[in-house]
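The values are calculated or read from the model by the stated rules, or taken from the named source; none is laboratory data. Here the structure is a predicted model, which means the values were calculated and not measured. Ideal geometry is used to build each Cβ from the backbone, glycine not excepted, and the neighbour counts take in all protein chains shown.
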Amino acid sequence: MKKVLVTGALGQIGSELVVKLRDVYGENNVIASGRSENVTTHGLYEQVDVTDPNQIFQAVKKHNVDWVVHLAAILSAVGENKPSAAYNVNMGGLFNILEVAREEGCGVFTPSSIAAFGPDTPKVNTPQDTIQRPTTMYGVTKVAGELLCDYYYKRFGVDTRGVRFPGLISYETLPGGGTTDYAVHIYYEALKEKKFTCPLDKNTYMDMMYMPDALDAIVKLMEADPSKLIHRNAFNIASMSFCPEDIYSSIKKIIPDFTMNYDVNSVLQNIANSWPDSLDDSAARAEWGWDPKYNLDSMTKDMLDKLKIKLNL
Ligand code: NAD
Ligand code: AKB
């Protein structure tokens, strides 16, 4: 049974992943961690700022951790506002995690992103192995992080694994400041206000994914037979690609009086324009059985059902 430390566990992914990992590995085998000292979460929790190697080291030692799921990061939109903080947390934090993993013999799962690609990358059905010249600080840290993880695997034998997540859509915890966040906010506004102002242009296509599929991907890849993994850091995974007009139409099927207008944010638009429209995920399907369940309409139905309950509507 794995003993897992999750960094950045209070964020959009971590808040749901910890619950899922506890189902899989047992309540006492998953330690949530975050920068905050006092957290009223259920279960084991440690304060770990990933820019401090000692805090990581102590949490790993104290709980005999053998896998780290490293989620602590600064996302694309915040990263463009605070590039040096994004560099310090995303690169410094990952380096610290990999060093502790090397010394303590831990495996490391850490997500990359569609942001690891750039404007020179083939935009449609983006191949697994292709040009990666991102133009955001977040993207630079993601592609460098992929290389660093591969380096620690090849040079030191650290069992590093990762996926390139698209924009993730979920109802438990709000997203942390990315370019794809509109695709979460639109559901809240559709239910609360019946209208939404979209910060991206109507035909901006990006890959997106519903959180249950993203959580399945993490567990499946962590459990994958290492002898079958030709790639490691990081696998393209995909389940749906849509633009604002598509998600608007999907919501309108359930809320007919929902309206949407546009007020394009040029920083977000430039970031989105530099990312692929859709990824080729055949390597993930072949090497570890990636098989997503949700499409745009089934996600929309579930999001609206769950949010109605959460928002008491
Ligand atoms: P998030 O912003 O919701 O959560 C990240 C957490 O890290 C936050 O709770 C934040 O407080 C914490 N954090 C920041 N600096 C820290 C530090 N120095 N020490 C410890 N914790 C710190 O992000 P998320 O959406 O949960 O993303 C998790 C990972 O998945 C990131 O690597 C992100 O790049 C990647 N990813 C996310 C998406 C997405 O759409 N959510 C898509 C692609 C990749
Ligand atoms: C962001 O928009 O920054 C994230 C991502 C795709 O990495 N959601």
(request) Could you figure out which of (1) within 12 Å of ligand 2 (Cβ to nearest atom); (2) closer than 25 Å to Ala284 by Cα; (3) assigned to a loop (DSSP other than H, G, I, E, B) isn't true of Ile74? (result) (2)
(message) All but one of (1) buried (at least 19 other Cβ atoms within 10 Å of the Cβ); (2) touching a residue at least 60 places away in the same chain (Cβ under 8 Å) hold for Ala86; state the number of the condition that does not hold.
(response) (2)
(request) Quickly run through region 150-165 and pick out the residues that are in a helix (DSSP H, G or I) and closer than 15 Å to Ile230 by Cα. (result) Asp150, Tyr151, Tyr153, Lys154
(request) Test Met299 against the criterion of being closer than 26 Å to Val24 by Cβ, in the same structural domain as Pro127 (by TED's automatic domain parsing), within 20 Å of the chain's Cα centre (by Cα) and among the hydrophobic types (A, V, I, L, M, F, W, C), and give yes or no. (result) no
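Here's a check for you: in region 93-149, which residue that is farther than 19 Å from Ala73 by Cα and part of a helix (DSSP H, G or I) is nearest to the chain's Cα centre (by Cα)?
Let us first name the residues in region 93-149 that are farther than 19 Å from Ala73 by Cα, namely 102-106, 118-133.
So of that shortlist, the ones also part of a helix (DSSP H, G or I) come out as 102-104.
Working: Arg102: 24, Glu103: 26, Glu104: 25 Å.
Of everything passing the filter in region 93-149, Arg102 is nearest to the chain's Cα centre (by Cα).
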(request) Give the residue that is farthest from Met206 (Cα to Cα), with candidates limited to residues of region 259-276 that are buried (at least 19 other Cβ atoms within 10 Å of the Cβ) and not small (Gly, Ala, Ser). (result) Met260
(request) Say whether the condition of being over 15 Å from Lys2 (Cα atoms) and more than 21 Å from the chain's Cα centre (by Cα) is met by at least one residue in region 17-28. (result) no
(request) May I ask you to list the residues in region 159-177 that are under 9 Å from Phe235 (Cα atoms) and within 6 Å of ligand 1 (Cβ to nearest atom)? (result) Phe165
(request) Would you point out which residue out of Asp159, Asp181 is surrounded by fewer than 23 Cβ atoms within 10 Å (Cβ to Cβ) and more than 21 Å from Asn265 (Cα to Cα)? (result) Asp159
(message) Conditions first: (1) away from ligand 2 (no atom under 16 Å from the Cβ); (2) over 26 Å from Val108 (Cβ atoms). Tyr151 passes all but one, so which condition is the exception?
(response) (2)
(request) Could you grab the pairs with beta carbons closer than 8 Å, sequence gap of 6+ or different chains, first residue in region 260-289 and at positive phi and small (Gly, Ala, Ser), second one in a helix (DSSP H, G or I) and modelled with pLDDT of 95 or more? (result) Gly289/Lys220
(message) I need a count of the residues in region 1-55 that are in contact with an Asp or Glu (Cβ under 7 Å, 6 or more places away or on another chain), surrounded by fewer than 17 Cβ atoms within 10 Å (Cβ to Cβ) and over 16 Å from Val68 (Cβ atoms).
(response) 1
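Yes/no matrix, rows are residues, columns are (1) out of contact with any helix residue (DSSP H, G or I) (no Cβ under 9 Å at 6 or more places or on another chain); (2) part of a loop (DSSP other than H, G, I, E, B):
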| residue | (1), (2) |
| --- | --- |
| Lys2 | no, yes |
| Leu5 | no, no |
| Gly11 | yes, yes |
| Val18 | yes, no |
| Val24 | no, no |
| Ala32 | no, no |
| Thr40 | yes, yes |
(message) Can you go through Ile56, Ile74 and tell me which one is among the β-branched types (Val, Ile, Thr), closer than 16 Å to Ala144 by Cβ and touching a helix residue (DSSP H, G or I) at 6+ places or on another chain (Cβ under 6 Å)?
(response) Ile74
